[in-house]
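What follows is a single structure, written as structure tokens, with notes after it.
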Amino acid sequence: MNAITSQLGSQLSLVSLNGARRPAPPPLVLVAHGSRDPRALSTVRTLIERVRELRPHLSVHLGHIELNEPLLADTLASLDAEGAADGAVLVPLLLSRGYHVKRDIPEAAAAVPGLRARVAAPLGPHPLLVETLYERLVEAGWRTGTSDAARRAGGVVLAAAGSRDPESVIDTRRTAQLLAERLGVPVVPAYASAAPTVAAAVRALAARGRHRIAVASYFTAPGRFATECAAAAPWIAAAPLGAHAAMARLILHRYDQAVATPEPAPERELASA
């Protein structure tokens with residue numbers, strides 16, 4: 001029923017009040033990082049299919065920053081060659097602000113001068129991510145509606161990739177805070193490529209008397225970092241966010257935000273005196 005409603009809404013959105021057909025919306029380019037783990041590419045492709053099911057008349061493309069094809073540069077070049085009149089909206093399949101969002105993706109867009117492109121905000125932090133993390137924990141064995149004693153013994157490590165960018169750290173901490181509010185137990189952020197590590201975060205929680213410690217996988221898809229972090233779990237380890245339905249809704253939410261944001265006016269050159 002939800003899928004039928006979404007499809008009808010998508011069809012109606014292409015028709016104006018006077019019956020004229022509206023211009024097609026700008027293409028959505030989902031920008032994934034890329035991974036040597038074949039499960040990552042499979043997950044991203046499944047996620048894109050979920051996005052297309054929710055918005056059938058939206059042109060959705062995939063581009064990778066590295067390691068997998070199609071690379072972002074090639075995807076953008078193909079859109080430019082097709083003459084995308086309204087440009088494109090690049091939605092990072094990334095969970096926080098950082099180097100890729102601030103530099104790599106905008107620079108890739110700027111390298112295609114004939115294409116107008118807007119870069120949407122990263123996916124996190126956002127309540128839909130928190131709900132996905134929660135459901136992945138429940139799938140792994142986290143009990144809902146636990147007693148006060150169980151909550152006093154419980155704790156979660158939010159395992160993320162890690163970044164040297166301070167804004168990325170702030171974003172991950174915010175997600176940990178939101179997840180803690182959702183679960184009613186402490187949630188400590190930890191990183192695969194920075195400090196504190198998952199093992200260190202587990203020790204910190206254990207020192208506070210928390211002996212039922214789960215690891216929430218704050219990764220968009222399976223890969224080396226997600227596997228290593230899960231292996232450090234003393235109790236249960238949740239699956240990555242993956243192709244959860246809430247992830248598809250969040251991608252479209254970021255796309256819609258970018259479309260609704262006015263583009264900056266071009267700077268005018270001052271006339272010479």
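Listing for the model above:
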| item | result |
| --- | --- |
| Counting DSSP beta bridges with both ends in the chain, the antiparallel % (nearest 5) | 5 percent |
| Alpha-carbon centroid distance for the pair the range 60-120 / the range 129-177, whole angstrom | 30 Å |
| Protein accessible area in the range 109-230, 1.4 Å probe - carbon and sulfur % | 54 percent |
| Spin-label proximity, Ala153 to the range 173-211 - amide N less than 14 Å from point 7 Å beyond Cα toward beta carbon | 209-211 |
| Contour excess over end-to-end distance, with Cα ends at Ala200 and Ala121 and 0.36 nm allotted per residue | 25.4 nm |
| Option label - volume of the Cα convex hull per residue in Å³ computed here, alternatives (1) 117; (2) 128; (3) 166 | (3) |
| Spacing of the two label points (7 Å from each Cα toward its C-beta) at Val138 and Arg174, in nm | 2.5 nm |
| 13 Å reach of a label modelled at Glu49, 7 Å along Cα-to-Cβ, counting backbone N of the range 222-255 | 243-244 |
| Mean accessible surface per residue for the range 208-263, computed with a 1.4 Å probe while every protein chain stays in place, in Å² | 43 Å² |
| Gain upon complete extension [Ala231, Arg39; 0.36 nm per residue less C-alpha separation] | 67.4 nm |
| The chain, helix-only ellipticity at 222 nm - DSSP H runs n ≥ 4, -39,500 (n - 2.57), divided by all residues, nearest 500 | -13000 deg cm²/dmol |
| Residues Tyr99 and Val259, FRET efficiency given R0 of 35 Å [Cβ-Cβ distance, rounded to 0.05] | 0.90 |
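The values are calculated or read from the model by the stated rules, or taken from the named source; none is laboratory data. None of these values were measured; they are calculated from a predicted model. Glycine also receives a Cβ, built like all others from the backbone with ideal geometry; neighbour counts cover every protein chain displayed. The accessibility values were calculated without ligands, DNA or RNA, using every heavy atom of the protein model including side chains. Shrake-Rupley method; radii C 1.70, N 1.55, O 1.52, S 1.80 Å.
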